[in-house]
Protein chains: 2
Amino acid sequence: MTIRSNPIGVFDSGMGGLTCVRQLVKLLPTEDIVYLGDTARVPYGNKSPNTIIKFSIQNSLYLLRFKIKLIVVACNTSSSFALDKLKTIFGIPIIGVIEPGVKRALELTKNKRIGIIGTNATINSLAYQKKLIAAGSAVKVFAQSCPLFVPLAEEGWIRGRITEDIAKKYLAPLKNKNIDTLVLGCTHYPLLKSAIAKVMGRSIRLVDSAEELALDVKALMRSKGIASDRKIKGKIRFFLTDEPYKFKKTGERFLGRKLESVYPVKENEF
Amino acid sequence: MTIRSNPIGVFDSGMGGLTCVRQLVKLLPTEDIVYLGDTARVPYGNKSPNTIIKFSIQNSLYLLRFKIKLIVVACNTSSSFALDKLKTIFGIPIIGVIEPGVKRALELTKNKRIGIIGTNATINSLAYQKKLIAAGSAVKVFAQSCPLFVPLAEEGWIRGRITEDIAKKYLAPLKNKNIDTLVLGCTHYPLLKSAIAKVMGRSIRLVDSAEELALDVKALMRSKGIASDRKIKGKIRFFLTDEPYKFKKTGERFLGRKLESVYPVKENEF
């Protein structure tokens, strides 16, 4: 057993990160994955930076029990506030969901006018805005928080008049800004992609952070020589700090397939 | 100083309980109140019974530091799952938000057909349904969870097409049941009362649990001889396990007046 066979650790505040697992499995089917959903304390989006950092450290420590070779912070709020801190604490590669989306948006934009949507915490952290602007002074960034998108996605109301009306209300300020690229800065938002695309119009390129993240994880593991070299399908395990109502049903919508191997996190291990 | 001068302790998972504080202040203006909002772990509505019980015990222990004379569990989810447990643990009077609303609904209904709306956890706990039915076999109860109502209230979208469309979608099954009384089984819902009333129609009586709770607190304190006998206005203090984005602004909408005396809960005290 070399480090190549060790699992990838993924954590999120809840089930949003399953959209990242979905893309990881698609791109890297032979990797083992251990997912931690901090469903007892979800959501992180309305909590303070210090609390988010504390929770993110606890989540990482839990995943390290599984001899993981890499940590994926599959939560925009944690990536905004805690990624730098985690990198100073832990000795293994750590990758968040923000940089992959930022990189892709900068590749796609032609007019250098980029929109970003996310939770209150992500938008107010300015994490995306700072990283996008750092790429060059010519870039203009327009940000909008969309607090109802997460409960809409979890409720499964992914299309229809209510969802489109809410999307129209949130996205109207961005539509007036002549952006050509919009970053979905929350792991829940890929579920609402078609409603968002409908409101924004076909000419706007949407960046799905989960897709970009998976590509970056693949590249990072290659460069470090830690990608799985097995031929068999990887094993995926899901650990939850609490089992919320409807997790399985909603989770399957996020993951795009059956949710098996779901375990509770034991109190004394966390 | 007698026990009469001691404060009333109130806890909620977040800011919803402020609608209860609003009614308590209105009815009992000379009482001191200590409010604990567990904003670091909000919401409780999607968590498991054991987790909700654990959090509720921690919240009660924190409030007991203030020599409170009574605990108000101003959270439907906690009242559903943890009230009985709290009563077995703590030696002071404890009152939840469910029984006052249930009592009032039973007084109001003429056709014995009662609707109840709340979070997933409250509805699935069957706490309201069991208590309503226990009052007499002739009572028929129709329950509906409305997960988007809480984020709508927190976003401040309390009227308009989106809110009414969402209310229509959730309440349609209840409208078909010929109920004459509807219990608002979540402390956030009083903010949406006018939209709910518009959808349900004028003939349906809405029961606001916060109002009924305040009446029951008053009666309970009188019967126990612990009501304040001062003539001066009470002091209200708010403690939060985390300071979420927008708490003050949103909290003031719930409380119906300026939010002053807001303090963080110290890590080592919780």
key: Label geometry 7 Å along the beta-carbon vector: B:G136 inter-copy distances in nm   = 7.6
message = Averaging the inverse of every distinct alpha carbon separation and then flipping it gives the Kirkwood radius. What is it for the protein assembly as shown, in angstrom units?
response = 24.5
ask   = Are any of the pairs A:K175/A:K218; B:K26/B:K193; B:K26/B:K85; B:K67/B:K233; A:K54/A:K87 more than 22 Å apart by Cα-Cα distance, and if so, which?
value = A:K175/A:K218; B:K26/B:K85
ask   = Cα axis of helix B:49-64 to longest principal axis of chain B: angle in degrees, 0 to 90, nearest 10?
value = 40
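Treating only the Cβ of Lys, Arg, Asp and Glu as charged (+1, +1, -1, -1), what charge dipole size does the stretch A:98-208 show about its Cα centre? Round to the nearest 20 debye.
My answer is approximately 500 debye.
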key: Expected 222 nm ellipticity per residue - DSSP helices of 4 or more, -39500 (n - 2.57), all of the protein assembly as shown, to 500   = -13500 deg cm²/dmol
inquiry  = From the phi angles alone, apply the Karplus equation (6.51, -1.76, 1.60; θ = phi - 60°) to the stretch B:27-40 and give each ³J(HN,Hα) in whole Hz, x where the residue is Gly or Pro.
reply    = 8, 10, x, 8, 7, 6, 10, 10, 10, 10, x, 7, 5, 6
note = Beyond 17 Å, the calculated P(r) of the stretch B:98-208 holds a percent of Cα-Cα pairs equal to 48
message = Measuring nothing but label to label, 7 Å from Cα along Cα→Cβ, what are A:K235's distances to the other copies in nm, shortest first?
response = 5.9
key: Stokes-Einstein D for the stretch A:212-254, Kirkwood Rh over Cα pairs, 4 °C, 1.567 mPa s (µm²/s)   = 97
key: Under 19 Å from A:K177, Cα to Cα: lysines that are on another chain or at least 8 residues apart   = A:K110, A:K112, A:K130, A:K140, A:K168, A:K169, A:K198
task = Report the residue, chosen from A:A210, A:A167, A:A74, that carries the largest GNM mean-square fluctuation when chain A is represented by alpha-carbon nodes joined by springs under 10 Å.
result = A:A167
task = Kindly rank A:7-17, A:145-155 from highest to lowest mean number of other beta carbons found within 10 Å of each residue.
result = A:7-17, A:145-155
task = Let me know the charge dipole size of chain B about its Cα centre in debye, to the nearest 20, where only the beta-carbon of Lys, Arg (+1) and Asp, Glu (-1) is charged.
result = 680
inquiry  = Given Cα positions, please report Rg to Rh for chain A, the hydrodynamic radius being the Kirkwood one.
reply    = 0.95
key: Kirkwood Rh and Cα Rg combined as Rg/Rh, the stretch A:1-119   = 0.98
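Just so you know, all these numbers are worked out from the coordinates, no wet-lab data involved. The structure displayed is predicted, hence computed values, not measured ones. Glycine gets a Cβ as well: all are built from the backbone with ideal geometry, and neighbour counts include every protein chain shown.
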